[in-house]
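One structure is given here, and the rest of the page talks about it.
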Amino acid sequence: MLLYETTGGRSGMQKDQGVINLFRPMELIGFSLFPLIGHIVADNSLPPLMLVFSSLILSLAIIFDNYVEGVLFHPGDARSGDYPVTLSPGFFQTIRFGREVLFAVFFLITVLAVPRSLPWAMIVFILIRLYNSRHFVVKMRPPLDFLCHYFGAFVFYMYGVSWQGHSPGLVLPGLGLAALFSGGYLNHLLVDRLRDAELGLVTLVHRFKENTVHYLAGGVIVAGDLCLSIFYAPTDVLWFLVFALLALSIVIMIFVLKNARAFRRYYRLLHIMGASIILMSIWFWS
């Protein structure tokens, strides 16, 4: 957190704390998976190292940008939440500059490796900066916040697909993955309801009843699993069953688990298990 933005002279006393949280390892991995899955779906092969590298670079840039803009909007933003961070002014400025370097490296890799992917890269960049911007505070402007997450995830997926050439037949799994991501975002709003209120942020969950947002989040996640199940129904019975059972399980737990954190742990665990089964099947049959 950047104290010198609001407290002046005490900034020099600030120590770096929770630096590992600045990298948000789970989110870094999660964001990076979208283009990698896109490539795997398109080419049925492991993604090239350059795509892996560019995906990680952009994902880290997203995380840094979100942190920097959040702190500049409200100095207390980084103190709480799932990833509390406290940075000295000098380190903060390094991260602030570093995000721009990461974005530049991402575009450089794209231009040099696969120029045809540049339009997808530009669109996802615009959506990232729009959502994170402290000037627009999109989090307080539903449904624009939801749409940024949905189309951001979809476009990042299509960025990975485009490394092997675009195919209209590969859109459906991208829509499904985007629904899983944006449904998780809606649930995250519930988790952050009290924290956001303390920061003066009025989000979707402050405009509607908590149950309404809970059912909406769960419904969007179920829709994502159904999209993936439908896509694989004609070609892979196991994958079809995995996503169908995930959808059914989430439907049941929507009515059983009303606590947002508990629901998040449950759907994440289920999807990790489902992904593990799919990966084991790929390894077994390869």
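When the test is whether a residue is in a helix (DSSP H, G or I), touching a helix residue (DSSP H, G or I) at 6+ places or on another chain (Cβ under 8 Å), basic (Lys, Arg) and over 30 Å from Asp225 (Cβ atoms), Arg116 passes it. Among residues of region 88-116 that are under 23 Å from Ala78 (Cβ atoms) and in the same structural domain as Tyr67 (by TED's automatic domain parsing), those with a Cβ under 6 angstrom from a residue that is among the acidic types (Asp, Glu) and assigned to a helix (DSSP H, G or I), sequence gap 6+ or separate chain, pair up as Arg99/Asp65.
Residues in region 33-85 that are assigned to a loop (DSSP other than H, G, I, E, B), hydrophobic (A, V, I, L, M, F, W, C) and surrounded by 16 or more Cβ atoms within 10 Å (Cβ to Cβ): 2 in all.
Here Ile254 meets the list (1) among the β-branched types (Val, Ile, Thr); (2) buried (at least 17 other Cβ atoms within 10 Å of the Cβ); (3) part of a loop (DSSP other than H, G, I, E, B) almost entirely, failing just condition (3).
Conditions (1) among the charged types (D, E, K, R); (2) at pLDDT below 95; (3) assigned by TED's automatic domain parsing to the domain that holds Val138, marked per residue:
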site: Asp196; (1), (2), (3): yes, yes, no
site: Gly200; (1), (2), (3): no, yes, no
site: Val213; (1), (2), (3): no, no, no
site: Ile221; (1), (2), (3): no, no, no
site: Leu228; (1), (2), (3): no, no, no
site: Thr235; (1), (2), (3): no, yes, no
site: Ile252; (1), (2), (3): no, no, no
site: Phe263; (1), (2), (3): no, no, no
site: Ala275; (1), (2), (3): no, yes, no
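Being within 18 Å of Ser182 (Cα to Cα) and surrounded by fewer than 16 Cβ atoms within 10 Å (Cβ to Cβ): is that true of Tyr266 here? Spelling it out, it is not the case that Tyr266 is within 18 Å of Ser182 (Cα to Cα) and surrounded by fewer than 16 Cβ atoms within 10 Å (Cβ to Cβ). Here Arg207 clears all of (1) under 30 Å from Val111 (Cα atoms); (2) in the same structural domain as Trp283 (by TED's automatic domain parsing); (3) of a type outside the set (Val, Ile, Thr) except the condition numbered (1).
Looking only at residues in region 184-242 that are under 19 Å from Arg265 (Cα atoms) and among the β-branched types (Val, Ile, Thr), the one that is surrounded by the most Cβ atoms within 10 Å (Cβ to Cβ) is Ile221.
Kindly indicate whether any position in region 133-150 is closer than 30 Å to Arg96 by Cβ, part of a helix (DSSP H, G or I), among the charged types (D, E, K, R) and without any contact (Cβ under 8 Å) to a residue 60 or more places away in the chain. Yes, region 133-150 contains a residue that is closer than 30 Å to Arg96 by Cβ, part of a helix (DSSP H, G or I), among the charged types (D, E, K, R) and without any contact (Cβ under 8 Å) to a residue 60 or more places away in the chain. With respect to (1) closer than 20 Å to Ala244 by Cα; (2) within 18 Å of the chain's Cα centre (by Cα); (3) of a type in the set (Ser, Thr, Tyr), the lone exception for Tyr215 is condition (2). What do you reckon, is Leu189 in a loop (DSSP other than H, G, I, E, B) and not assigned by TED's automatic domain parsing to the domain that holds Ile40? No.
Taking (1) within 15 Å of the chain's Cα centre (by Cα); (2) acidic (Asp, Glu); (3) within 21 Å of Gly174 (Cβ to Cβ) in turn, Asp43 satisfies each apart from (1).
The values are calculated or read from the model by the stated rules, or taken from the named source; none is laboratory data. Just so we're clear, the structure is a prediction, and the values are computed from it rather than from any experiment. Neighbour counts run over all protein chains shown; Cβ positions are idealised from the backbone, glycine included.
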